[in-house]
Amino acid sequence: MYSGIDFDQILAREAQLMINRAPGFEPVHGDLRRWRGKVKTGRNQWVEVEIIVPDGYPHVPPEVKVLTPIKHPYVDSQGKLHLPILESWRPHYHLHHVVNTIKGLFVRYPPEEVTPPKPPLHKEPSKDIATLQKKIQILEEQIKALQRELHEKDVEIVRLKNMIHYNIPDRTMATSSRDILDEALPEDPEERLRIELECELQAIEDMLHILEEKFEAGEIPPEDYHKLYTNYLKRMYKVKKLLEGMKKGEGSEKSR
């Protein structure tokens with residue numbers, strides 16, 4: 001993605017994206033390789049973090065350090081934050097994706113304030129612990145299933161809104177959605193395809209916006225967010241290319 005671009009240009013591009021999509025984060029003393037900001041947790045706490053851009057970025061993932069003393073399963077004793085997105089880093093990811101991942105993580109799993117260590121208790125582990133852990137696992141799986149179901153409902157809402165935008169009547173009680181679209185769209189195949197592509201493009205843009213809102217609210221796990229976000233971006237690119245090809249074709253016909 002960044003082949004042929006020098007490192008300064010990469011840093012400038014990342015800075016532009018951070019300013020637009022990660023408000024509250026600023027370069028440390030003007031150094032575009034170090035970004036610092038505060039993230040709000042699910043317990044209304046504020047945790048200060050620093051993102052460090054290494055040599056070899058974007059092929060090498062950035063490093064994240066937590067500056068506020070906290071206790072969290074993803075933070076080691078040196079204050080380094082271990083994120084799934086960093087473990088499975090891809091060159092097309094950006095720093096603002098890391099910020100959103102941190103926000104979602106701390107909303108879903110709020111960190112604990114650091115307290116003085118208590119003396120160890122020499123007690124036998126409770127027999128109920130395994131049962132409770134199993135219940136927690138079941139509940140977490142149910143939550144993920146509900147989140148996927150809500151996501152599917154959001155997709156259906158976007159589809160219906162686009163039907164309204166193109167004045168397509170809602171007669172799902174009598175016919176399927178595909179039949180309604182076939183009836184409402186023009187007969188010319190190219191014009192039908194253009195409208196369908198524009199409709200799909202608008203739906204993808206709406207879904208990207210919904211995804212970011214749900215992720216920042218902690219309703220979507222980081223790994224699901226990045227998978228869906230990447231898939232929608234790929235589809236958006238393909239749709240835009242198809243539309244551009246159709247417009248070029250129309251332009252060449254008019255010039256004849």
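Starting from the exponent 0.38 and prefactor 2.2 Å, build the expected Rg for the stretch 16-97 from its residue count and divide its actual Cα Rg by it. Don't jump to the answer; show the numbers that get you there.
On the way: Rg = 12.7 Å, N = 82, 2.2 N^0.38 = 11.7 Å.
Here the Cα radius of gyration is 1.08 times the empirical estimate.
Positive end of the dipole of the stretch 7-113, charges at C-beta (+1 Lys, Arg; -1 Asp, Glu), about the Cα centre: which of L86, H97, Q9 has its Cα farthest in that direction?
With unit charges placed on the Cβ atoms, the residue in question is H97.
Expressed as a whole percent, how much of the Cα-Cα distance distribution for the stretch 203-254 exceeds 15 Å?
The calculated P(r) of the stretch 203-254 puts 55 percent of pairs beyond 15 Å.
Nearest 20 debye, what's the magnitude of the dipole of the stretch 7-113 about its Cα centre given +1 on Lys and Arg Cβ and -1 on Asp and Glu Cβ?
Values: 14 positive and 12 negative charges, 73 e Å.
In total the dipole reaches around 360 debye.
In nm, give the distance between the simple-model label positions of H209 and R43, each being 7 Å from the Cα along the Cα-to-Cβ direction.
3.5 nm
Only counting other Cβ atoms within 10 Å, I'd like F215, F25 sorted with the fewest neighbours first.
Lowest count first: F25, F215.
Using the count of nearby Cβ atoms within 10 Å as a rough guide to exposure, how do L132, L86, L105 rank from fewest to most?
So the ranking, lowest neighbour count to highest, is L132, L86, L105.
Read-outs throughout are calculated quantities, based only on the coordinates presented, and are distinct from any laboratory measurement. Quantities reported herein were computed from a predicted structural model and do not represent experimental measurements. Quick reminder, even Gly has a Cβ in these numbers, built from the backbone with ideal geometry, and neighbours come from all protein chains shown.
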